[in-house]
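Below: one structure, written as structure tokens.
The values are calculated or read from the model by the stated rules, or taken from the named source; none is laboratory data. Source: prediction; values computed, not measured. Here the Cβ is made from the backbone with ideal geometry for all residues, glycine too, and neighbour counts use every protein chain on show.
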Amino acid sequence: MLMPCYGRPMIDDAAPGLPQARPAAVSDHHAPLTADHDHGVRRLWTAVLQHALADASSPKVRVRKHIAGWLFSPDFWLVADAAGVDPWRAAAAFRRVLAAPPRPIRAARGGRRQQVAP
């Protein structure tokens with residue numbers, strides 16, 4: 001048996017003269033969403049934030065500018081909310097990292113990267 005899925009419309013409903021979008025069909029043999037699923041989703045979006053935070057300390061100017069632009073986009077706020085993180089506190093952490101000097105590109109002699117004290 002197929003159940004309707006009311007996600008994103010297949011056709012833009014706001015466009016005049018176009019037929020209304022039909023819901024996509026999804027089979028009913030998928031497992032229902034559980035609290036474990038919600039926890040997994042939060043962990044995924046938390047990992048996205050952690051990766052972006054690491055990118056914010058990149059020595060490459062292009063990468064840092066990209067993260068700075070993302071910080072002020074609605075997508076950042078959606079990701080922070082999906083991760084279960086306060087968007088204002090996350091944005092403050094990103095601003096601190098972006099204001100700090102970038103981490104070095106190469107490791108120092110001996111094979112270890114120099115850690116910059118805060």
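Collect the residues in the stretch 69-91 that are surrounded by 12 or more Cβ atoms within 10 Å (Cβ to Cβ) and within 17 Å of ASP55 (Cβ to Cβ), keeping them in residue-number order.
Across the stretch 69-91, the qualifying residues are TRP70, LEU71, PHE76, VAL79, ALA80, ALA83, VAL85, ALA90, ALA91.
Filtering the stretch 58-68 down to residues that are assigned to a helix (DSSP H, G or I) and charged (D, E, K, R), which residue is surrounded by the most Cβ atoms within 10 Å (Cβ to Cβ)?
Step one: filter the stretch 58-68 for residues assigned to a helix (DSSP H, G or I), giving 61-68.
Pick out the ones that are also charged (D, E, K, R) and you get 62, 64-65.
Details: ARG62: 8, ARG64: 17, LYS65: 11.
Going through the qualifying residues, I end up with ARG64.
Identify the residue in the stretch 6-56 that is under 23 Å from ALA82 (Cβ atoms) and hydroxyl-bearing (Ser, Thr, Tyr) and, among all such residues, is modelled with the lowest pLDDT. Outline the logic, then answer.
Of the residues in the stretch 6-56, the ones under 23 Å from ALA82 (Cβ atoms) are 6-9, 24, 26, 30-56.
Then drop every residue that is not hydroxyl-bearing (Ser, Thr, Tyr), which leaves 6, 34, 46.
Details: TYR6: 44, THR34: 68, THR46: 94.
Of everything passing the filter in the stretch 6-56, TYR6 is modelled with the lowest pLDDT.
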